[in-house]
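Student: I am attaching a structure below and will ask some questions about it afterwards.
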Amino acid sequence: TSSAEVKENRNIGNLEDHPISSNERARGGTPSSKRKRPLEEGNNGHFCKLQLIWKKVSWSVTPKNALVQLHELKPGLQYKMVSQTGPVHAPVFAVAVEVNGLTFEGTGPTKKKAKMRAAELALKSFVQFPNACQAHFAMGNCINPSTDFTSDQADFPDTLFKEFEPSTHSEDFSVYNPVNNELLSTAYRHGRLLCHTLDLMGHGKQNKHKMASKAESEKNPVVLLNELRSGLRYVCLSETVEKQHIKSFVMAVRVDGRTFEGSGRSKKLAKGQAAQAALQALFNIRLPSHIPSRSKCHHLPQDFADSVYQMVAQKFRELTDNFTSMHARHKTLAGIVMTKGLDIRQAQVIVLSSGTKCINGEYINDQGLAVNDCHAEVVARRAFVHFLYSQLELHLSKRREDWERSIFVRLKEGGYRLRENILFHLYVSTSPCGDARLNSPYEITTDLNSSKHIVRKYRGHLRTKIESGEGTIPVRCHNAAQTWDGVLLGEQLITMSCTDKIARWNILGLQGALLSSFIEPMYLHSIIVGSLCHTGHLSRVMSHRIEDIGQLPASYRRNQLLLSGVSHADARQPGKSPSFSVNWIVGNADLEVINATTGKRTCGSPSRLCKHMFFTRWAKLHGKLSTRIPSHGDMPSVYSEAKLVAQTYQSVKQQLFKAFQKAGLGTWVKKPPEQDQFLLT
C-alpha cells in the first residue's frame, strides 16, 4: 500500500466521531490532489465506510489453512518425514502426524504440501463438514454455504471451510439498512470475518456476479477437480492406435482412495473424462458442457443397484439366522436376482453363494463328484444352472400351472428360450478376482514410471487363481491343457480367474455346454459390485478385451453389461477366509455347505452343483426332449461327449480363446481332460 493509504487507514477510527463534510469531500476531488479519496459520493457514504473498515480488518480474518486450524485444536503435534519417492525432477514427499492415537499420512510435491495434506486428513477424522455445498461453492453456484456440523458424510473436499460462523447475506442493496457504525465498530474490535464482504453494490453488480457464476459452472473438469483436490497426478494407462491411425488414450487419476478413468482421442480429453467421473462420483457435480465419452460404460440406475444389494443381503441374513450361524462368515458374497424389466417390485433372489477358495489338486475327481472352483461368483453361476434345470423341468410338467410359471417358452424350430423382459443381475460383494480387482498396477502410485510399465505389460491379461490360496497371477504357460498325472504328482491345479470366467459368460452365456443343446444362450443384464469397484476398468476387462472376436453365430452376442457400485457397502470382514463355501437356490429351504478344499459337502457326499449331478439331470431331459429337438441323436454316455452335442457352443468357445490369444492376453488353461471322461451311473 502507498504511504497515503496508510495515513488514511490510521484515521479510520476517527470516522465515526468526525464525519467528512461536503466541503472536504469536494476538496478531496480536485485534480491537484494526489491522495486517494477516503470517501466517495453516493449511498450517503455508507459503502465507503465499510470499504475502509474492511481494509483495516481484512488482515486479521484471512481464512486459516489446515495446519493452523489443527494446531489450534491440537497444539504441540509433531510432523514426521516418512519417505521421498519419485524422480528427482518430480519428487513425492510423505509426511505423517499422529492425532487422537491415529496416524495420518499426506503426500505432495513439496514437504509443505504433504504436511498440509496430513493435517487435512487429520481434521477430516474428527471434524465433520458437508460435501455438496463445499463443492458447489467452488463452482460458484453457492454464495453463502451453510455449514452443517451434523452431517454424516465422510467424503468431503479437502479444501477446508473458510469460516465457522457464516452470517446472513443480503443480495439486494435496496433493502439493505444504513450502516450501523456501532455494529461495524464491534466487528472491527473483535476482528470477526464478515461473510463474503456484504455485497452492497446493488443491481449493477448482480449481473456481473451472474456472469461470473456462469463462467465458474463452465469450468474444465480438470480445473474444478484441482480446486477441490489440489496436487492430483494423472497417469496414461494405455495408448492405442485404432483404424486409420486414430489414437485413443486412457488416463487415470486417484482421488480419495478411488481410481477414476477417462478415454478420448487426446490425453487432454481423456483427463477431462477422468476428472468428470471423479466430480460426479465424489461431489455429485455434473458439468453441462462436458462431452460424454464414446467408450463410456453403461451404468445401472443407482437406486435399482442398491435395491438388488439390499435384497441379497436380507436373504442371506434370513438364511443365516441374522448372521449368527457359523456359516455366515464370508469374504465374498454373491447372488443373482431375477426381475421383469427393471421393476424392483417383482424382483426375486434366486441364488446365493459365498467362498474364495479352490479345490486342492490332490482331491481332483475323475467321476465329476467334486466342485473345482468355490469362489462365490462361480458357485452362484453353478447354482443358477441348477435353477435353469428346475425351470426347464417345470416347463415339461403336465400341469398347465407349472409350465406357465416357467421362465422358458418353446421355440417353433425346437428348443427353448427365455421369456421376454426377464433379466438377471449378479451382485458380488467385492470385485471379481483377477484383472478386474487389480488396484495395482491400475492404482496411481507414487512410482509413476514403474506403474506405467506394469500397466502396459499386464493390462487385461488372463490370470489364474492360486491353488488353496487367494489372489491371482498372470497366465505364464503356453500349453492350454494340464495333465492328470502331473497334478497328482504335485503340480499346481490351475483355475482361471473369476474376471476371465465372467468375460467368457458374456460371450457363451451362463447356461454352460450341456444346457446349450436345449436352450438359447442366457446372459447377465448387470453386475453390481459392493467394494473394490472400478466400473471403468471392470467394463474394459469384461467386454472390451474381446472386441475383435469377430462375427458370432445367431443367438450368441458380445454381451454389454450394465455396471454399478452400491451407495453403502458392508464393511469387509477381518480375519482369514473360511475354508467353506455355501450355496442356496430358490425352492430349497437350507444352505448347502461345501468344503472348498475337497470340493464336496462337509459330510463327504457330492454337492448338488457337481458335474455328475448336472449330467444326470441333463440325461433325463435329453430322453424327454429328443423327439422335440430333431438335431439330437442318441444320448452320449460320457460327460465329455455330452458337452460336444452343442456344436455351436463349442465353436464359439474356440473363437473366444483365439480372440484372447490374438489380443496377446494369454492362453486359456483347461483342466486335465480325464476329469470329464466319466460315465453316467
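The values are calculated or read from the model by the stated rules, or taken from the named source; none is laboratory data. As the structure is a computational prediction, the values presented were derived from the model and not from experiment. Neighbour counts run over all protein chains shown; Cβ positions are idealised from the backbone, glycine included. Side chains included, ligands, DNA and RNA excluded: accessible areas come from the protein's heavy atoms. Shrake-Rupley method; radii C 1.70, N 1.55, O 1.52, S 1.80 Å.
Student: Condition (residue is over 23 Å from SER354 (Cα atoms) and surrounded by fewer than 18 Cβ atoms within 10 Å (Cβ to Cβ)) applied to the range 603-610: is it met by at least one residue? First the steps, then the outcome.
Tutor: Filtering the range 603-610 for residues over 23 Å from SER354 (Cα atoms) gives none.
No.
Residue-by-condition table, conditions (1) at pLDDT 90 or above; (2) open to solvent by less than 70 Å² (accessible area, probe 1.4 Å):
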residue: GLU377; (1), (2): yes, yes
residue: LEU388; (1), (2): yes, yes
residue: ARG400; (1), (2): no, no
residue: GLU404; (1), (2): no, no
residue: GLU443; (1), (2): no, yes
residue: THR446; (1), (2): no, yes
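Student: May I pose another question? Report the residue count in the range 405-420 for those that are outside any loop (DSSP other than H, G, I, E, B) and either touching a helix residue (DSSP H, G or I) at 6+ places or on another chain (Cβ under 9 Å) or hydrophobic (A, V, I, L, M, F, W, C) (or both).
Tutor: Residues of the range 405-420 outside any loop (DSSP other than H, G, I, E, B): 405, 408-410, 416-418.
Pick out the ones that are also either touching a helix residue (DSSP H, G or I) at 6+ places or on another chain (Cβ under 9 Å) or hydrophobic (A, V, I, L, M, F, W, C) (or both) and you get 405, 408-410, 416, 418.
Residues flagged as outside any loop (DSSP other than H, G, I, E, B) and either touching a helix residue (DSSP H, G or I) at 6+ places or on another chain (Cβ under 9 Å) or hydrophobic (A, V, I, L, M, F, W, C) (or both) within the range 405-420 amount to 6.
Student: Does LEU423 satisfy being of a type in the set (A, V, I, L, M), surrounded by 15 or more Cβ atoms within 10 Å (Cβ to Cβ) and not in a helix (DSSP H, G or I)? Steps first, answer last, please.
Tutor: Values: of a type in the set (A, V, I, L, M): yes; surrounded by 15 or more Cβ atoms within 10 Å (Cβ to Cβ): yes; not in a helix (DSSP H, G or I): yes.
Yes; evaluated as a whole, the condition is true for this residue.
Student: Take the range 82-113 and flag every residue that is among the small types (Gly, Ala, Ser), closer than 19 Å to ARG254 by Cα and assigned to a strand (DSSP E or B). Before the answer, list the steps.
Tutor: Here is the first cut: in the range 82-113, the residues among the small types (Gly, Ala, Ser) are 83, 86, 90, 94, 96, 101, 106, 108.
The next check asks that each one be closer than 19 Å to ARG254 by Cα; those that pass are 86, 90, 94, 106, 108.
Across the range 82-113, the qualifying residues are ALA94, GLY106, GLY108.
Student: Are any of the residues in the range 453-467 part of a loop (DSSP other than H, G, I, E, B) and at pLDDT below 70?
Tutor: Residues of the range 453-467 part of a loop (DSSP other than H, G, I, E, B): 459-462, 466-467.
This time we only want the ones that are at pLDDT below 70, so: 459.
For the range 453-467, residues part of a loop (DSSP other than H, G, I, E, B) and at pLDDT below 70: present.
Student: Please state which one of GLU641, GLU592 is assigned by the TED database to the domain that holds GLY550, among the acidic types (Asp, Glu) and over 14 Å from LEU514 (Cβ atoms).
Tutor: Details: GLU641 fails: over 14 Å from LEU514 (Cβ atoms).
The match here is GLU592.
Student: Being in contact with a helix residue (DSSP H, G or I) (Cβ under 8 Å, 6 or more places away or on another chain), modelled with pLDDT of 80 or more and open to solvent by 10 Å² or more (accessible area, probe 1.4 Å) is the filter here, so list the residues in the range 118-140 that pass it.
Tutor: GLU120
Every residue, every condition in (1) open to solvent by less than 50 Å² (accessible area, probe 1.4 Å); (2) modelled with pLDDT under 85, yes or no:
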position	(1), (2)
ALA187	yes, yes
ARG192	no, yes
ASN226	no, no
GLN280	no, yes
SER295	no, yes
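Student: Filter the range 556-567 for residues that are outside any strand (DSSP E or B) and either crowded, with 16+ Cβ neighbours inside 10 Å or free of Cβ contacts under 8 Å to residues at least 60 places away in the same chain (or both) and give the result. It would help to see each step written out before you state the result.
Tutor: From the range 556-567, those outside any strand (DSSP E or B) are 556-561, 565-567; that's our starting set.
Matches in the range 556-567: TYR556, ARG557, ARG558, ASN559, LEU561, GLY565, VAL566.
Student: ALA370 versus (1) touching a Leu at 6+ places or on another chain (Cβ under 8 Å); (2) under 11 Å from SER607 (Cβ atoms); (3) aliphatic (A, V, I, L, M): which is the lone unmet condition?
Tutor: Of the numbered conditions (1) touching a Leu at 6+ places or on another chain (Cβ under 8 Å); (2) under 11 Å from SER607 (Cβ atoms); (3) aliphatic (A, V, I, L, M), the odd one out for ALA370 is (1).
Student: Check GLN675, GLN654, GLN650 and return the single one that is within 41 Å of the chain's Cα centre (by Cα), in a helix (DSSP H, G or I), polar (S, T, N, Q) and exposed (fewer than 15 other Cβ atoms within 10 Å of the Cβ). Quick ask: steps written out before the conclusion?
Tutor: Numbers: GLN675 fails: exposed (fewer than 15 other Cβ atoms within 10 Å of the Cβ); GLN650 fails: exposed (fewer than 15 other Cβ atoms within 10 Å of the Cβ).
Exactly one of GLN675, GLN654, GLN650 is within 41 Å of the chain's Cα centre (by Cα), in a helix (DSSP H, G or I), polar (S, T, N, Q) and exposed (fewer than 15 other Cβ atoms within 10 Å of the Cβ), namely GLN654.
Student: Follow-up. If ASP256 satisfies every condition in (1) of a type outside the set (A, V, I, L, M); (2) more than 26 Å from GLY575 (Cα to Cα); (3) at pLDDT 80 or above; (4) outside the structural domain of TYR427 (by the TED database) but one, which is the exception?
Tutor: ASP256 satisfies all of (1) of a type outside the set (A, V, I, L, M); (2) more than 26 Å from GLY575 (Cα to Cα); (3) at pLDDT 80 or above; (4) outside the structural domain of TYR427 (by the TED database) except (2).
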